[in-house]
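Chemist: First, the structure itself, so that you have it in front of you.
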Amino acid sequence: MVEQDFILEVDAIHTFIGQFHILEGVTVQVRCNSITVLLGRNGAGKTTTLKSILGLTPPRIGRVLFDGRELQGKRAYDIAAMGIGFVPEHRAIFRNLSVAENLRIAERKKGDLERKAEFIFGLFPDLKRLYKLPGNHLSGGQQQMLAVARALVADNKLLLIDEPSEGLAPILIEQMMEAIRELSATTTVLLVEQNFLMASRLAQYYYIIDDGKSVHQGEMADLIHDEALVHQYLGASVRVEVGASSGRGGGK
Amino acid sequence: MKIKAFWRENNTLLSVALILLALSIFGLFSMGLEPFVRTTLSGFTLSALYFMVAAGLTLVFGLMDVLNFSQGSMLMIGAYAGWQFYTNPTFLFGLAPLVFALMAGLTMMAVLHPLVSKWRIPEQWQSRLRALLLVLAVVIGVLAVAGVDFRGLASTAMVATMVAGNPLAEATLQEPLASFWIRPLLLFLSGALIALAQARPGDSTVVVYKDQSRRSGMIVAGLLALVIVATLVRESGPLAVLTTNGNLRFVLALIVGTLVGAGLGAVIETTLISPLYVRPLYQVIITMGLAFVISELIQLLWDPLPYAMSRPPAFSQPGKAENIWAFFQGGNTTVDILGVTFPSYRLFIIALGVLMFVGLTLVLKYTRLGMIIRAGVQDREMVEALGINVKRVFTLVFALGTGLAALGGIGAAPFVPVEPVMGDRYLMQGFITVVIGGMGSTTGAAVGALLLGLARAFGDYLALKFSLSPAISEASTVIIMAIVLLARPAGLLGRRE
Ligand SMILES: Nc1ncnc2c1ncn2[C@@H]1O[C@H](COP(=O)(O)OP(=O)(O)OP(=O)(O)O)[C@@H](O)[C@H]1O
Ligand SMILES: [Mg+2]
């Protein structure tokens, strides 16, 4: 018996949306109990990679293995039910549902929410206070927290989190990072993050996607010092932040 | 502060309520109590009917962006099915085994899928094979029903209404089992051949869903069991139904009509609508075509005549009840409300409409299905990403919508003529209702129905009083729609985006 290293293996997938060839060979491997981050410019195909894994935009070529099982030909709801939680970009909570319902709807077994409530409210104490409010009354940061919390209700082995820091105030980014680090103690996380500072402090492994292709991968610790690479694929803007990050605080 | 917030949240509803209140005070004093109450009650009756059509339309549009032009036909089918069940069950009992057999055959699609996708067939032969299979299926299907006296089975009710005392006297006999048994078998085969063609033998690019085939296998088994049961009770069933108590029979008719509508809805969604979610325009055209086909089929079976279904005994005892409580004991045809003699059955329709609205609202608000529907209206993809089979929810909601319309149809049958044009009539009103209320909103549909029904009733009253053309009341609904759309382009409670 070989110890299973990777919970998720994405092997050279090609994804089409309509007639557009969006992903042209993306390979990602996610180690159990790690945080892996997908990096890349706007429009590189990070979100599409997450959606391809989930089967929302099924890849036409290549294969995806989750937990040792082939995902080809499975539908999105079956894939999710195998134990993948999804936190979409742009804080896509259900605005016309209350906070409670947003969490309740994510249950896969009866009582999921009751079992996880303590854990979830431990991470995001605000949500407890807002429990009865409709989703559209929440502030942007609260919505983002709810989106993450929703993915925690069911027993998920893997969380796909798409840009959790998008549009958050610095103090909230800090809080969100803390929460992700804490929840990564029990699950594996595949993160998409534009905020390089946050990505570099959280993740142990990185993959860079450019123009629909995987172009680089490795350990986060090495990437931080490789300014040329960062500059080439992630643009000049992040260089300043790299300089600001004086060492790796992530990992476990 | 509280009041201000409340007003902001509900200003549309409150404004409508205020306008209605002002109008009714004005109406009450200018018309006098008796005509006012009578007209209002008539309006409520119409509102209830409009709501029953509109509820399904708005639910289905809100969740899956499908405009179902056959929704009116579902009301009509409910009316015909319920009416037939109530006065002439031979038709439904004779048809049931055939329908179930065909459905079982069609459901074989997902079962056959994994088997045939691996067949080695040259590309150019695949499409020819499919065409051949379809032709074969049609031939077998025609053979299967050749010689069935559908019109004979259907027509008993016409006779039955004439010999009202004893509908059994004229009941058409079912074909004997000895020659009938082959028909469901052939229809199953015909359905299975269509399914085989749909499964695209040899086409390895089609994605095969394994657990889907397992589920379909179970459905096929269930349907086949139904075929057997339906075949066995075919001859004895109608008698048993007709000899039951009239009220019970009416309740059964309500259930049967609803189930027929819901079942048909489920079949329509899975076969015609769901392959076309990427081509919404085709969905519209297909449901329109369906409405046309249904109305033609009905004319073929029952002639384009209007039929009157008799009211169940609970609403047909002669005399007038002094008040509602007296009616509950006496089951009179009419009842006295605030000095107005009003047909009691219409009160039943109003109650049915209100019940439907309350039930639907409760389901949407408090059940898991309701939660999923509300979430799906906003973001289907995310609902799916939570591990919920949205496609199945679609089928369920579509069936719920058509079932509600069918329930409305059988409910309406005892007091409106049952005729082939009722589908189009109610479809039109249903659409106007939904547009007024706002696409996707159930409460909106209820408010829209209320406005439309009252406008129709008061329009008719005015037309009669001032001897104007009755077209004025029909025009009033469109005028209301225009006014509402000018003030609120998305409808009263529509999503403002
Ligand atoms: N529905 C669609 N139709 C056509 N093209 C699409 C569609 N969705 C995404 N794309 C294209 O696919 C590419 C990748 O998009 P994707 O959303 O995966 O990028 P991303 O890396 O997540 O970008 P961002 O950082 O801006 O979120 C983009 O060029 C985008 O324009
Ligand atoms: Mg993105």
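The values are calculated or read from the model by the stated rules, or taken from the named source; none is laboratory data. These numbers come from a predicted model, not from an experiment. A quick note on method: Cβ atoms are made from the backbone with ideal geometry, for glycine too, and the neighbour counts reach across all protein chains shown. Ligands, DNA and RNA are stripped out before the accessible areas are found, and what is left, the full protein with its side chains, is counted by its heavy atoms. Shrake-Rupley method; radii C 1.70, N 1.55, O 1.52, S 1.80 Å.
This table checks each residue for (1) of a type in the set (D, E, K, R); (2) modelled with pLDDT under 80; (3) surrounded by fewer than 16 Cβ atoms within 10 Å (Cβ to Cβ).
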position: B:ILE228; (1), (2), (3): no, no, yes
position: B:VAL233; (1), (2), (3): no, no, yes
position: B:LEU239; (1), (2), (3): no, yes, yes
position: B:LEU259; (1), (2), (3): no, no, no
position: B:LEU300; (1), (2), (3): no, no, yes
position: B:ASP303; (1), (2), (3): yes, no, yes
position: B:GLN329; (1), (2), (3): no, yes, yes
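Chemist: Any idea which of A:ILE61, A:ILE13, A:ILE53 is open to solvent by less than 10 Å² (accessible area, probe 1.4 Å), modelled with pLDDT under 90 and more than 10 Å from ligand 1 (Cβ to nearest atom)?
Modeler: After ruling out the rest, the residue left standing is A:ILE13.
Chemist: Something else now. Restricting attention to segment B:12-41, and to residues there that are surrounded by 11 or more Cβ atoms within 10 Å (Cβ to Cβ) and polar (S, T, N, Q), which single residue is farthest from B:PHE466 (Cα to Cα)?
Modeler: Only one residue tops the list, namely B:THR12.
Chemist: Could you list, in sequence order, the residues of segment A:92-117 that are surrounded by 16 or more Cβ atoms within 10 Å (Cβ to Cβ), among the charged types (D, E, K, R) and within 20 Å of B:ASN389 (Cβ to Cβ)?
Modeler: A:GLU101, A:ARG104, A:GLU107, A:ASP112 - these are the residues of segment A:92-117 that are surrounded by 16 or more Cβ atoms within 10 Å (Cβ to Cβ), among the charged types (D, E, K, R) and within 20 Å of B:ASN389 (Cβ to Cβ).
Chemist: All but one of (1) of a type in the set (A, V, I, L, M, F, W, C); (2) assigned to a strand (DSSP E or B); (3) more than 16 Å from ligand 2 (Cβ to nearest atom) hold for A:ALA100; which doesn't?
Modeler: (2)
Chemist: Can you name the condition, by its number, that A:ILE120 falls short on among (1) away from every other protein chain (no Cβ under 11 Å); (2) open to solvent by 20 Å² or more (accessible area, probe 1.4 Å)?
Modeler: (2)
Chemist: Would you mention how many residues in segment B:266-280 are over 21 Å from the mean Cα position of the chain (by Cα) and closer than 15 Å to B:ALA110 by Cβ?
Modeler: Final tally of qualifying residues: 1.
Chemist: Let me ask you something else. Could you tell me which numbered condition A:TYR131 fails, if it satisfies all but one of (1) at the interface with chain B (Cβ under 9 Å from one of its Cβ atoms); (2) over 16 Å from B:ARG374 (Cα atoms); (3) part of a loop (DSSP other than H, G, I, E, B)?
Modeler: The number of the failed condition is (1).
Chemist: What about A:LEU158, is it within 14 Å of another protein chain (Cβ to nearest Cβ), under 12 Å from the mean Cα position of the chain (by Cα) and more than 16 Å from ligand 2 (Cβ to nearest atom)?
Modeler: On the way: within 14 Å of another protein chain (Cβ to nearest Cβ): yes; under 12 Å from the mean Cα position of the chain (by Cα): yes; more than 16 Å from ligand 2 (Cβ to nearest atom): yes.
Yes: the conditions hold for A:LEU158.
Chemist: Yes or no: segment B:107-117 includes at least one residue that is within 22 Å of B:ILE294 (Cβ to Cβ), crowded, with 24+ Cβ neighbours inside 10 Å and more than 14 Å from the chain's Cα centre (by Cα).
Modeler: yes
Chemist: Moving on. Could you tell me whether A:LEU172 is assigned to a helix (DSSP H, G or I) and more than 16 Å from A:ARG31 (Cβ to Cβ)?
Modeler: yes
Chemist: I would also like to ask the following. Checking the condition aliphatic (A, V, I, L, M) and without any contact (Cβ under 8 Å) to a residue 24 or more places away in the chain, which residue from B:LEU427, B:LEU464, B:LEU450 passes?
Modeler: B:LEU464
Chemist: Identify all residues within segment A:134-151 that are within 12 Å of chain B (Cβ to nearest Cβ) and either under 28 Å from A:PHE6 (Cα atoms) or buried (at least 17 other Cβ atoms within 10 Å of the Cβ) (or both); write none if there are none.
Modeler: Across segment A:134-151, the qualifying residues are A:GLY135, A:ALA147, A:ARG150, A:ALA151.
Chemist: Now for a separate question. More than 30 Å from B:LEU281 (Cα to Cα) and either in the same structural domain as B:GLY430 (by TED's automatic domain parsing) or loosely packed, with under 14 Cβ neighbours inside 10 Å (or both), is that true of B:GLY72?
Modeler: Spelling it out, it is not the case that B:GLY72 is more than 30 Å from B:LEU281 (Cα to Cα) and either in the same structural domain as B:GLY430 (by TED's automatic domain parsing) or loosely packed, with under 14 Cβ neighbours inside 10 Å (or both).
Chemist: In segment A:153-174, what count of residues is obtained for those that are open to solvent by 10 Å² or more (accessible area, probe 1.4 Å) and within 19 Å of A:ALA117 (Cβ to Cβ)?
Modeler: Residues flagged as open to solvent by 10 Å² or more (accessible area, probe 1.4 Å) and within 19 Å of A:ALA117 (Cβ to Cβ) within segment A:153-174 amount to 2.
Chemist: Restricted to segment B:347-376, and to residues that are open to solvent by 20 Å² or more (accessible area, probe 1.4 Å) and more than 29 Å from A:ARG104 (Cβ to Cβ), which residue is nearest to the other protein chains (Cβ to nearest Cβ)?
Modeler: By that ranking, first place goes to B:LEU352.
Chemist: Still on this structure, I have one more. Under 8 Å between Cβ atoms, at least 6 apart or on separate chains: pull out the pairs that start in segment B:377-402 with a residue that is facing chain A (nearest Cβ under 7 Å) and on the phi > 0 side of the Ramachandran plot and end on any residue that is open to solvent by 20 Å² or more (accessible area, probe 1.4 Å) and of a type in the set (Gly, Ala, Ser).
Modeler: B:GLY387/A:ALA81
Chemist: Could you pull out the residue among A:THR27, A:THR48 that is at pLDDT 90 or above, within 14 Å of another protein chain (Cβ to nearest Cβ) and either over 19 Å from A:PHE196 (Cα atoms) or within 11 Å of ligand 1 (Cβ to nearest atom) (or both)?
Modeler: A:THR48
Chemist: Now for a separate question. Looking at segment B:333-346, is at least one residue open to solvent by 10 Å² or more (accessible area, probe 1.4 Å), within 14 Å of another protein chain (Cβ to nearest Cβ) and touching a residue at least 60 places away in the same chain (Cβ under 8 Å)?
Modeler: no
Chemist: Still on this structure: Residue under question is A:ALA185, and the condition is that it be touching a residue at least 24 places away in the same chain (Cβ under 8 Å), away from chain B (no Cβ under 14 Å), away from ligand 1 (no atom under 16 Å from the Cβ) and in a loop (DSSP other than H, G, I, E, B); does it hold?
Modeler: Against the criterion (touching a residue at least 24 places away in the same chain (Cβ under 8 Å), away from chain B (no Cβ under 14 Å), away from ligand 1 (no atom under 16 Å from the Cβ) and in a loop (DSSP other than H, G, I, E, B)), A:ALA185 qualifies.
Chemist: Still on this structure: Of all strands (runs of 3 or more DSSP E) completely enclosed by segment A:18-85, which ones contain at least 2 residues that are within 14 Å of ligand 2 (Cβ to nearest atom) and not hydroxyl-bearing (Ser, Thr, Tyr)?
Modeler: In segment A:18-85, the matching strands (runs of 3 or more DSSP E) lie at A:20-31, A:35-39.
Chemist: Against the conditions (1) at pLDDT 80 or above; (2) not in a helix (DSSP H, G or I), where does B:SER204 fall short? Just the number, please.
Modeler: (1)
Chemist: Scan segment A:65-77 and tell me whether some residue there is more than 13 Å from ligand 1 (Cβ to nearest atom), within 14 Å of chain B (Cβ to nearest Cβ) and touching a residue at least 40 places away in the same chain (Cβ under 8 Å).
Modeler: The initial filter retains those residues of segment A:65-77 that are more than 13 Å from ligand 1 (Cβ to nearest atom), namely A:65-77.
From the residues that got through so far, the ones that are within 14 Å of chain B (Cβ to nearest Cβ) too are A:66, A:69-77.
Now restrict to residues that are touching a residue at least 40 places away in the same chain (Cβ under 8 Å): A:66.
Within segment A:65-77 (the criterion being more than 13 Å from ligand 1 (Cβ to nearest atom), within 14 Å of chain B (Cβ to nearest Cβ) and touching a residue at least 40 places away in the same chain (Cβ under 8 Å)), the answer is yes, since at least one residue qualifies.
Chemist: How many of the residues in segment A:207-226 are away from ligand 1 (no atom under 16 Å from the Cβ), in contact (Cβ under 8 Å) with a residue 12 or more places away in the chain and either acidic (Asp, Glu) or on the phi > 0 side of the Ramachandran plot (or both)?
Modeler: 2
Chemist: Here is a check on your reading of the model: is A:GLN204 open to solvent by 10 Å² or more (accessible area, probe 1.4 Å) and more than 16 Å from ligand 1 (Cβ to nearest atom)?
Modeler: In short, yes.
Chemist: Across segment A:78-91, what is the total count of residues that are open to solvent by 20 Å² or more (accessible area, probe 1.4 Å) and either closer than 24 Å to A:PRO58 by Cβ or at the interface with chain B (Cβ under 8 Å from one of its Cβ atoms) (or both)? Show your work before the answer.
Modeler: The first filter runs over segment A:78-91 and keeps only residues open to solvent by 20 Å² or more (accessible area, probe 1.4 Å), leaving A:78, A:81-82, A:89-91.
Still in the running and either closer than 24 Å to A:PRO58 by Cβ or at the interface with chain B (Cβ under 8 Å from one of its Cβ atoms) (or both): A:78, A:81-82, A:89-90.
Total satisfying the criteria: 5.
Chemist: So, in segment B:262-271, how many residues would count as being modelled with pLDDT under 85 and under 14 Å from B:MET64 (Cα atoms)?
Modeler: 1
Chemist: Could I ask something else about it? Only one residue in B:LEU272, B:LEU290 is of a type in the set (A, V, I, L, M), away from chain A (no Cβ under 14 Å), buried (at least 16 other Cβ atoms within 10 Å of the Cβ) and under 29 Å from A:ILE79 (Cβ atoms), so which one is that?
Modeler: Checking each option against the conditions leaves just B:LEU272.
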